[in-house]
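Notes to accompany the following structure.
The values are calculated or read from the model by the stated rules, or taken from the named source; none is laboratory data. Keep in mind it's a predicted model, so treat the numbers as computed, not measured. So basically every Cβ, Gly included, is an ideal-geometry build from the backbone, and we count neighbours across all protein chains shown. Please note that ligands, DNA and RNA were not included when accessible areas were found on the heavy atoms of the full protein model with its side chains. Shrake-Rupley method; radii C 1.70, N 1.55, O 1.52, S 1.80 Å.
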Protein chains: 4
Amino acid sequence: MNCHKTLLDTYAHIMSIENKGNVADYIPELGKVDPEHFGVCLTTNNGIQYTAGDAHIPFSIQSIAKVLSLSLALSLEDTMIWQRLDVEPSGSAFNSLVQLETENGIPRNPLINAGAIVVCDILCTHLKDPKKELIAYIREVSNNEDIQYSEIIAQSEKSNGYRNYALVNFMKSFGNIKNDVDQMIDLYFYLSSIEMTCCQLSKTFGFLANGGKQLITNKEILTRSQSKRVNAIMQTCGFYDEAGEFAYKVGLPGKSGVGGGIVAVLPNSYSISVWSPRLNKKGNSYRGMEFLELFTDTTRETIF
Amino acid sequence: MNCHKTLLDTYAHIMSIENKGNVADYIPELGKVDPEHFGVCLTTNNGIQYTAGDAHIPFSIQSIAKVLSLSLALSLEDTMIWQRLDVEPSGSAFNSLVQLETENGIPRNPLINAGAIVVCDILCTHLKDPKKELIAYIREVSNNEDIQYSEIIAQSEKSNGYRNYALVNFMKSFGNIKNDVDQMIDLYFYLSSIEMTCCQLSKTFGFLANGGKQLITNKEILTRSQSKRVNAIMQTCGFYDEAGEFAYKVGLPGKSGVGGGIVAVLPNSYSISVWSPRLNKKGNSYRGMEFLELFTDTTRETIF
Amino acid sequence: MNCHKTLLDTYAHIMSIENKGNVADYIPELGKVDPEHFGVCLTTNNGIQYTAGDAHIPFSIQSIAKVLSLSLALSLEDTMIWQRLDVEPSGSAFNSLVQLETENGIPRNPLINAGAIVVCDILCTHLKDPKKELIAYIREVSNNEDIQYSEIIAQSEKSNGYRNYALVNFMKSFGNIKNDVDQMIDLYFYLSSIEMTCCQLSKTFGFLANGGKQLITNKEILTRSQSKRVNAIMQTCGFYDEAGEFAYKVGLPGKSGVGGGIVAVLPNSYSISVWSPRLNKKGNSYRGMEFLELFTDTTRETIF
Amino acid sequence: MNCHKTLLDTYAHIMSIENKGNVADYIPELGKVDPEHFGVCLTTNNGIQYTAGDAHIPFSIQSIAKVLSLSLALSLEDTMIWQRLDVEPSGSAFNSLVQLETENGIPRNPLINAGAIVVCDILCTHLKDPKKELIAYIREVSNNEDIQYSEIIAQSEKSNGYRNYALVNFMKSFGNIKNDVDQMIDLYFYLSSIEMTCCQLSKTFGFLANGGKQLITNKEILTRSQSKRVNAIMQTCGFYDEAGEFAYKVGLPGKSGVGGGIVAVLPNSYSISVWSPRLNKKGNSYRGMEFLELFTDTTRETIF
């Protein structure tokens, strides 16, 4: 199959149909983006990149970064982290708070907010300067020294983050937060502010399509076993209350962010990223979902 | 890799460690089984079977049959069924009732009880003699005329099935049950009573490892697209509140039943079944889970 | 204070302001009533009745009858009934199902549907011909042989009662229903179909304003202690999710029904009934609530 | 009836039966109290006090103080406060968080933690030095300049108050907290730390038995209407998930605290306080509940 042609054809088709949904505006900064941006980049395991559209414009990857903080936590503590986190899908957002209550402050998985906060707490326990060391790790995984936090997004998250303050205090009441609340929640807000282009994002996630090893350099980011498990978690928990829909329609492990980005991997083959800011009702990129469904329907390659 | 040797070695290892958990006894009949049974059968896509232990003793496949009723419904209505069912994981059992309430009687997915009841209702709408036609379909998929309902299990389910009567009436109050309650719930209880051996079970599920086509005969049970989607649903919803754990540890789409059976598939490769009646706290076969984790760790072949 | 004048003035004032809300139509029969009916009757403990408006037109008292079935159950088993029922307010309707789950099938109180169903089950255990004996009891309490079930309402309830079938089966799964499901739920639907006029209703409830003794005859319907406790339960649980509001604004123990009726008592003084079919958002008679708030504001006599 | 003799007899009887339950220890300071303390004081509306046992030993009144902050808020804003608070019972503690979510950050009533926090926020908006002015108000209501915050209890609450920090941030995310989080939550922790003896407590609450007017001085603390409504709220919401039970068994409006105190009023007659630190499973004083049930059974005077 001519992968590049399929990608361009799919892109053209999705561009030709109506774009739907709204840009996230729970923080003012996110609402300022042009809703019609649309970019795609596929990186094969041998490092070739195919792109379409706005693949070189940086955007806020938001929750997608939770996969990278999870990877760092796995590098530091391996399976020890599962004493403080579960790996089950969370159902509707509505349930996540109830489940924290009934499950004694143990978040359902590391990709929902509560779980990513616990991951940040784990990082704070291990790192001397968590904010600095986290971005250094992400630059290393990306093999790109230019990746940065957005100070303006981080501050905007912080001044609108009362629900996250509630989560962290609630988990602290169950003893599942070990570090000082204010310091560690700061790390969480910075994590959410990272910006990448589609090309940077798909290249960064290449290690999850490559058994845990960085593309080209073959440097081990995660062991093969850890890498496979991160993919499993993305598969079951990566799309809020649309994980089942994504598995059903697309059939690749992946993760979305409210900035309109989605990244997905076909193990042993490629990593692909899409960015389009309008979100469907479940909070995932409308065009991102449409694109990936059509693309995998055409290539007929999925994990299932 | 010598697949048969790995299977035998894994079997021997699991046999050598302590068996844990309890046999399901919510209906008296299930409680009568010998808790120490343990059988395995792997069927490759070219029809070769490798077995270990009690692979030829029939057992109650229970909820595993929900995948087969779903397949029949997909054959009859294809994607139309998703107007009355969702494809999302359900979280804890506790939530399923709440979610039915907040989601207007639409079950989270076709593999939880509420969803399988709606599937039975769909079948009742299409079939003249649903009970007879369903078992005929399952015999056809299995390529085995000996597959039967267990009258004694069906009656036992029925006389202890108040919670299922509650579910069906609750959904009826939302208009999501179209047929007469008593008739259609009867079909559901018979569906839960089907018995197979490990060898019959893994052979039956071979079509899901084979792009929807029956092994050997290549008869189309489901289209490739439908087959891939059934696998996706098993992956996200097949293990009650342990779907994430199964994805994480085993990494294959599959389905378990409270009779202690588990079936899983590696697309394009094989279908495997395990049976051991003692269940862990989440209601899945203790040895079944242990066996499949060790087996896939050894073969290093998973969908991730 | 001139009680009759206050009643007439209050009636006139409420008539002069806009009537709001909608008539219940979850069963077709209830939806057929003229929404502008408005009647009031106050019966003093010495048997004098003051009326205004449509006080002599029969209407469906619906859930108000749950207080009478509770009284009969208390006569039969006294405090033994609390082994199968609680006396706590239920919060929002939404919670009642969740609470049944978390509290093992024990309804929160005898005035919500689940609780009234358990009360009917208790009656079925004691009575040979429950339907006949229940109406006989209610006629005795009312001192009126004309009180009747409405066959047409009962059948309408039954053919729309899937949610109640769900409740009874759900509780049966916890072992909190002892009798045959179909027989006992029948009693429940008949209980909901009783019709009275405002004058009959306020006279019937006179015993709860009179320490458990029927007005005039002084016949003991309940002991003083039981009577006081039924009032306490009405106070905390009598108005669905508006019990607190009713306590706050009106300050009398009482019970409402979706037919638009409300009955309330001032212990040692009087019993009052109001009927107006339009319901507010919480399911209580709009004019009934308005009338009673203004009436008790004027008389300045409440239990608080 | 000889009120003093009944009080002494009841006290003696309760002393003669086994004391059950445990002292609250969620903050270390509360756990240090002698669990066998037991004191009672009844203050009649003409100012006479009858006592038994440890009626002159100060204890932490804890949540009982929420009635006093509510009174102050009503004095300042009257019914305006109900735009930010409801008056319905909250059901189980478990539900309170869910209800905050489904009801957009509006607490069920002013006597649960979330509601009392909103009341503190209202006070912070009106008062220049909230901590100082609140204690001044309570001293005025008590007619006693010696009433004080316990600095040690307040600090202990604060350093264990993560769940309350969670509540306040959660409500802030819905816009239902107007003031700076840290400052206002401080007021809440001080409110919970107030200490009184049984005699001070029953005298302080005399105004709620006296139509809103302070005993002896007849100074108006609340209007008659406000006073009646505070009683209604105590009746339906004053005993956590045991409000129905207290109404059923005791039949007086009242409020309990985890320090083992209970205060209750019989409108137009008396105010009574009991203190005994061992709590039953629902978090209310074991002996306090037993005492008040027996006392009102004997006097046969309740609001019902």
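Total residues in segment C:230-251 satisfying the condition of being within 16 Å of C:Lys281 (Cα to Cα) and assigned to a helix (DSSP H, G or I): the figure is 7. When each of B:Ala73, B:Ala24, B:Ala55 is tested for being under 21 Å from the mean Cα position of the chain (by Cα), within 30 Å of B:Ile122 (Cα to Cα) and buried (at least 22 other Cβ atoms within 10 Å of the Cβ), the lone residue that passes is B:Ala73. The set of residues in segment A:134-153 that are open to solvent by less than 70 Å² (accessible area, probe 1.4 Å) and either without any contact (Cβ under 8 Å) to a residue 60 or more places away in the chain or outside any helix (DSSP H, G or I) (or both) comprises A:Ile135, A:Ala136, A:Arg139, A:Asn144, A:Ile147, A:Tyr149, A:Ser150. If A:Glu157 meets every condition in (1) at pLDDT 95 or above; (2) surrounded by 22 or more Cβ atoms within 10 Å (Cβ to Cβ) apart from one, which number is that one? Checking A:Glu157 against (1) at pLDDT 95 or above; (2) surrounded by 22 or more Cβ atoms within 10 Å (Cβ to Cβ), the one that fails is (1). The set of residues in segment D:277-303 that are part of a helix (DSSP H, G or I) and either among the hydroxyl-bearing types (Ser, Thr, Tyr) or in contact with a Leu (Cβ under 8 Å, 6 or more places away or on another chain) (or both) comprises D:Tyr286, D:Leu292, D:Phe295, D:Thr296, D:Thr298, D:Thr299.
Taking segment D:101-133 as the range and being under 24 Å from C:Tyr248 (Cβ atoms), assigned to a loop (DSSP other than H, G, I, E, B) and without any contact (Cβ under 8 Å) to a residue 24 or more places away in the chain as the test, only D:Glu103 passes. Segment B:162-216 holds helices (runs of 4 or more DSSP H) entirely within its bounds, and those carrying 3 or more residues that are aliphatic (A, V, I, L, M), within 14 Å of another protein chain (Cβ to nearest Cβ) and in contact (Cβ under 8 Å) with a residue 12 or more places away in the chain map to B:162-173, B:181-191. I'm checking my understanding of the structure. Among residues of segment A:193-225 that are small (Gly, Ala, Ser) and at pLDDT 95 or above, which one is farthest from the chain's Cα centre (by Cα)? The extreme case among them is A:Gly211. Looking only at residues that are more than 13 Å from B:Ser60 (Cα to Cα) and not hydrophobic (A, V, I, L, M, F, W, C) in segment B:36-48, which one is surrounded by the most Cβ atoms within 10 Å (Cβ to Cβ)? If we take residues in segment B:36-48 being more than 13 Å from B:Ser60 (Cα to Cα) and not hydrophobic (A, V, I, L, M, F, W, C), then B:Thr43 is surrounded by the most Cβ atoms within 10 Å (Cβ to Cβ). Of everything in segment D:217-229, what is touching a Phe, Trp or Tyr at 6+ places or on another chain (Cβ under 9 Å), more than 14 Å from chain C (Cβ to nearest Cβ) and part of a loop (DSSP other than H, G, I, E, B)? Give them in sequence order. Listed by number, the residues that qualify are D:Lys219, D:Ile221.
Among the conditions (1) within 22 Å of D:Ala247 (Cα to Cα); (2) surrounded by 22 or more Cβ atoms within 10 Å (Cβ to Cβ), C:Asn113 misses just one, which is (2).
Just so you know, in segment C:93-110 the residues that are among the polar types (S, T, N, Q) and open to solvent by 20 Å² or more (accessible area, probe 1.4 Å) include one that is nearest to D:Glu88 (Cα to Cα), and it is C:Ser96. Taking the condition at pLDDT below 95 and small (Gly, Ala, Ser), does C:Ser90 pass? Yes, satisfied.
For every residue, the table says whether it meets (1) part of a helix (DSSP H, G or I); (2) of a type in the set (Val, Ile, Thr).
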position: C:Leu8; (1), (2): yes, no
position: C:Ile27; (1), (2): no, yes
position: C:Val40; (1), (2): no, yes
position: C:Thr43; (1), (2): no, yes
position: C:Tyr50; (1), (2): no, no
position: C:Ile57; (1), (2): no, yes
position: C:Ser63; (1), (2): yes, no
position: C:Leu74; (1), (2): yes, no
position: C:Thr79; (1), (2): yes, yes
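Per the listing C:His56, C:His13, the residue uniquely over 21 Å from C:Phe207 (Cα atoms) and either at pLDDT 95 or above or among the polar types (S, T, N, Q) (or both) is C:His13. Taking segment D:235-245 as the range and being more than 9 Å from chain C (Cβ to nearest Cβ) and crowded, with 24+ Cβ neighbours inside 10 Å as the test, the residues that pass are D:Gly238, D:Phe239. Against the conditions (1) in contact (Cβ under 8 Å) with a residue 60 or more places away in the chain; (2) in a loop (DSSP other than H, G, I, E, B); (3) not charged (D, E, K, R), A:Val274 satisfies every one except (2). I'd like to check something: does segment B:58-65 contain any residue that is surrounded by fewer than 22 Cβ atoms within 10 Å (Cβ to Cβ), aromatic (Phe, Trp, Tyr) and more than 14 Å from chain A (Cβ to nearest Cβ)? No: zero hits. Restricted to segment D:247-304, and to residues there that are at positive phi and open to solvent by 10 Å² or more (accessible area, probe 1.4 Å), the residue that is farthest from the other protein chains (Cβ to nearest Cβ) is D:Gly283.
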